[in-house]
Amino acid sequence: MTPQRRPRRRAPGTTVLVFSFLGGYCAGHAAAALRRARCVQRIVRPFDGRRIIHSASDAILSIDEHAVILFANPAAAHMFASSVNAMQGSSLARFIQPPVHDARTPYDYFPAGGGRAGRRATDYAVTGIRSNGQLFPIEGSVSTVEHDGHEVCTVILRDVSERHLVQQTLARSHDQLRQLSSALQTIREEERTHIARELHDDLGQLLASLRMDLTLLQGNNQLPEPSQRLIEGMETNLLMAIASLRRIATNLRPRALDEGGLYFALQGLRDDFTERHGIACTLVAEEAELRLDDTASTVIFRIVQEALTNIARHAGATQVLLTLDRVDGELLLAIRDDGRGIRSEDMEKKESLGLVGMRERVWAMQGQITIGSDESGTSIDIVLPLAGRVIGEESSG
């Protein structure tokens, strides 16, 4: 019987060792990764929603359908100078001033359509009440969810007291600047009036006297011919000086405003504009409708004067229409031209001082001004209240 040979066990090859090593290596890393993941899960798990809400910097309230506070975070307690325990279970009326007397539901505190202009419809502006009774402005957003068949409102609130203080400071500063601008305009008109009268009364009379003397000299036929020619040249220069004086005085303060009123002053302004610039200008107005006091007359005259100056400088127009009409205690002033128009960006340029001056004069009288432009030209529409500014209005009433 032939003995069988037992198979010889071979030592593990290199391939087997490599795969064994890789397998152990991967298994070890997988186990380590699993341990790290479990560790991360154990760390992350405590950060639930309630903890995040408690650490939020904005005030958060949950309110039931009867306007009772179900939940308040520490930021809300700090905002209202109270405590979380004191707020939870209390009526919302203790901390937010209701806009209506008999508020019962959250919708009474945050009514539909009460959203602020320019913001989302869910944004509201309300008045908060601190625990000491102090009122302060609040802005916030409201969202509604259903829980166990009941609606619960979640309100996120922000104290905007500092913003309101800044806005009030800016508003006061703006009003002071407006008052200063109005006062400067008044002082400027008074100075113009004074200078115009001085020019007309003093210098005007002096030039008139010189002209009379020249006229007497011209009547002397015994003067030699060179002297006669000299006198004629002096008279020509004197007439030019008188015309220049009248133009300067009129630009400073038209005598027609003091002597004839606004209607005749506008007529003179129209005629001078047409003569100097060759632009046809039509004035549609009634004298009886323009019997206004000095302040209103001066403002309207200066507005029309500034508008015509801008048209002559920039519009390239051939025709201008001025319309003034009094309706229901207001003066409606419309200025139209057929020029190239004015771009919207040009209206906001800091160099557009003429438009700024017009706006300031209109706003000083509590009026409204609208400037429009298209391919057919530029239109300026102004509405000025005339209560107490119409001559004879008090006596006729």
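The values are calculated or read from the model by the stated rules, or taken from the named source; none is laboratory data. For clarity, every value in this text was computed on a predicted model and none was experimentally measured. Backbone-built Cβ (ideal geometry, glycine too); neighbour counts: all protein chains shown. The protein model used for the area step is the full one, side chains on, heavy atoms only, and it has no ligands, DNA or RNA in it. Shrake-Rupley method; radii C 1.70, N 1.55, O 1.52, S 1.80 Å.
Before moving on, here are some points about what is shown:
- Of all residues making up segment 49-77, the number that are part of a helix (DSSP H, G or I), touching a residue at least 12 places away in the same chain (Cβ under 8 Å) and of a type outside the set (Gly, Ala, Ser): 3
- There is at least one residue in segment 157-166 that is open to solvent by less than 60 Å² (accessible area, probe 1.4 Å), among the β-branched types (Val, Ile, Thr) and closer than 30 Å to ALA59 by Cα.
- Look at segment 307-327: where a residue is charged (D, E, K, R), no partner that is buried (at least 18 other Cβ atoms within 10 Å of the Cβ) and at pLDDT below 85 sits 6+ places away or on another chain with Cβ atoms under 6 Å.
- Number of residues in segment 125-145 that are within 16 Å of ILE63 (Cα to Cα), within 33 Å of the chain's Cα centre (by Cα) and either among the hydrophobic types (A, V, I, L, M, F, W, C) or surrounded by fewer than 18 Cβ atoms within 10 Å (Cβ to Cβ) (or both) equals 3.
- A search for C-beta distances below 7 Å between a residue of segment 168-180 that is more than 22 Å from PRO137 (Cα to Cα) and any residue that is aliphatic (A, V, I, L, M), counting only pairs 6+ apart in sequence or on different chains, returns nothing.
- Some residue of segment 307-318 being surrounded by fewer than 16 Cβ atoms within 10 Å (Cβ to Cβ), outside any loop (DSSP other than H, G, I, E, B), at pLDDT 85 or above and of a type in the set (D, E, K, R): no
- Members of segment 278-296 that are farther than 13 Å from ARG326 by Cβ and open to solvent by less than 40 Å² (accessible area, probe 1.4 Å): ILE279, CYS281, LEU283
- Selected residue (criterion: modelled with the lowest pLDDT) from residues of segment 278-294 that are part of a helix (DSSP H, G or I) and in contact with an Asp or Glu (Cβ under 9 Å, 6 or more places away or on another chain): GLU289
- Selection count where residues are surrounded by 14 or more Cβ atoms within 10 Å (Cβ to Cβ) and outside any helix (DSSP H, G or I), scope segment 82-96: 6
- Test result for ASP148, open to solvent by 50 Å² or more (accessible area, probe 1.4 Å), closer than 27 Å to HIS54 by Cβ, at pLDDT 80 or above and of a type in the set (Asp, Glu): no
- Hits in segment 260-277 - residues which are assigned to a loop (DSSP other than H, G, I, E, B) and crowded, with 16+ Cβ neighbours inside 10 Å: GLY261
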